[in-house]
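The values are calculated or read from the model by the stated rules, or taken from the named source; none is laboratory data. Computed from a prediction, not measured in an experiment: that's the story for all the values here. Because the Cβ atoms are built from the backbone with ideal geometry, glycine has one as well, and the counts that use them run over all protein chains shown. Just so you know, the surface numbers come from the protein's heavy atoms only, side chains and all, with ligands and any DNA or RNA stripped out. Shrake-Rupley method; radii C 1.70, N 1.55, O 1.52, S 1.80 Å.
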Amino acid sequence: MVPPVFEDVVAAQTFIGRHLPPTPLVHVPALSERLGCEYHAKCENFQPVGAFKVRGGIHLIGTLTPEEARAGVISASTGNHGLSIAYAGRRFGVRVVMYAPAENVNPLKMQAIRDLGAEVRLHGRNFDDARTEAERVAGLEGLRFVHSANEPRLIAGVGGIGLEIFHDLPQAEVILVPVGGGSGAAGICLVAKHLRPEARVIAVQSERAPAVWQAFRTRSLQPHPRMETVHEGLATRVPFELTCGILWRLLDDFILVSDEEIQRAIPLLARHARLVAEGAGAASLAAAIKLREQLQGKKVVGILTGGNIPMDRLSEALLAG
C-alpha cells in the first residue's frame, strides 16, 4: 500500500464534490461559553447516510476499474463504513456484499445498509470476525475486498473534511477527531499538516476500545484485548497499518474518554447545538470537555462524525442529560 498524500486528498475532493455538497461548520456559542474557547462542530451527520465515511465510499467505488465494478465489492462493517459503501454502490451501480458481526450491531444501520441495496451477511461475535470472513469470501466469490481502513482512496476521500474546515475557518487551531479505525484522523492530518502545520490534530477513542490509542503510544500494531464500548463507531480491537502509519507521523496527540463521558456529550449537542450525534460523533465534544483547560481561547473544531444513533439510546441519553 502506498499511503495517500495531500495531493491525493485534493484530487479526491474534486471527484467527491460532483456527488456530495460540503457539510456545515457550525459555531456553537453555548458550548463555546461552557468550554472557554471558540467551539465549532463539523456536521458530518448531515451527510446523506448520516456519517463522514460516505466521502471515502464515493471516492473508492466511483473510481473502481471497469473490471472491479462489474465484479462487485465485499467489505465488513459495524455500521457507517457499510452505509458508505452501500450508498456508493447504489449510486454507481456496483454490487455490494457487507459482512457484520452477528452480535451487538446497530439494527438501524444494518437495515439502512439493506435498504440501500447491499446484501448483509452476519458472521462472528465482533468486527474482526466479520472482517476476516469477508476477506476469505472475497477470493472465493471473485469480489473486490474493501478494507475499512487500509485503503488509500478511503483515507484520501475522508480527508476532504480537513479541506472544508480550513476553507471555512482558516485559523483553526485544534481539531478533535473521533477514531475507530483511524481513516478520518489520518485524512485530516494529511490536510492540516500541509495547510496549517501549527494546528493541533487530537484523536479521541473510547477507553473501552483503546486499540488505536495503544498503537499510537507504543508504535506497534498489537491487538488490544479490550473492546467493550457500546459506541460501535469506536469499536475497534485491531489497529491497522496504513492509518496508524500516518498517525504516527502526523498526529499531535491522542486521548481516551469514557463511554459515560461520551454519553453525557450527546444531550449537550442536542440541547446547545440542535444536533443529533451518535456516540462516536459526540466523542469529540467529550474530548473537548476533558481538555477544556488546554483549549482556553482557541479556535476548536470537533468532528461530529455521524448521527446514526438508535432512537432508544438517544432517548436514554436525552432523559439522563
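Are there trypsin sites (Lys or Arg not before Pro) in region 256-318 that DSSP marks as loop and that have at most 10 other Cβ atoms within 10 Å, and which are they?
R274
Could you provide, to the nearest whole Å², the per residue accessible area of the chain with probe 1.4 Å?
Result: 39 Å² per residue.
Can you pull out the GluC sites (Glu not before Pro) in region 225-321 that DSSP calls coil and that have at most 10 other Cβ atoms within 10 Å?
E293
For R200, enumerate residues with amide H under 5 Å from its amide H, sequence gap 5+ or separate chain, H modeled in the peptide plane.
Residues meeting the amide H criterion: V174, I175.
Extending each Cα 7 Å along its Cβ direction at T65 and E33, get the distance between those two points in nm, one decimal.
With each label placed 7 Å out from Cα toward Cβ, I get 5.9 nm.
Quick one: putting +1 on the C-beta of Lys and Arg, -1 on the C-beta of Asp and Glu, what dipole do you get for region 194-321 around its Cα centre, in Debye to the nearest 20?
About 420 debye.
Could you compute the FRET efficiency for R91 and R121, with r as their C-beta to C-beta distance and R0 at 30 Å, rounded to 0.05?
Taking R0 as 30 Å, the efficiency between R91 and R121 is 0.90.
Starting from the amide H of F145, placed 1.01 Å from N in the peptide plane, find each other amide H under 5 Å away whose residue is 5 or more places distant or on another chain.
The answer is I74.
Once both labels are modelled 7 Å past Cα along the beta-carbon direction, what's the S258-T132 spacing in nm?
Distance between label points: 3.3 nm.
Which of the pairs K193/K298; K193/K290; K53/K290; K42/K298; K42/K299; K193/K299 have their Cα atoms more than 21 Å apart in this structure?
K193/K290; K53/K290
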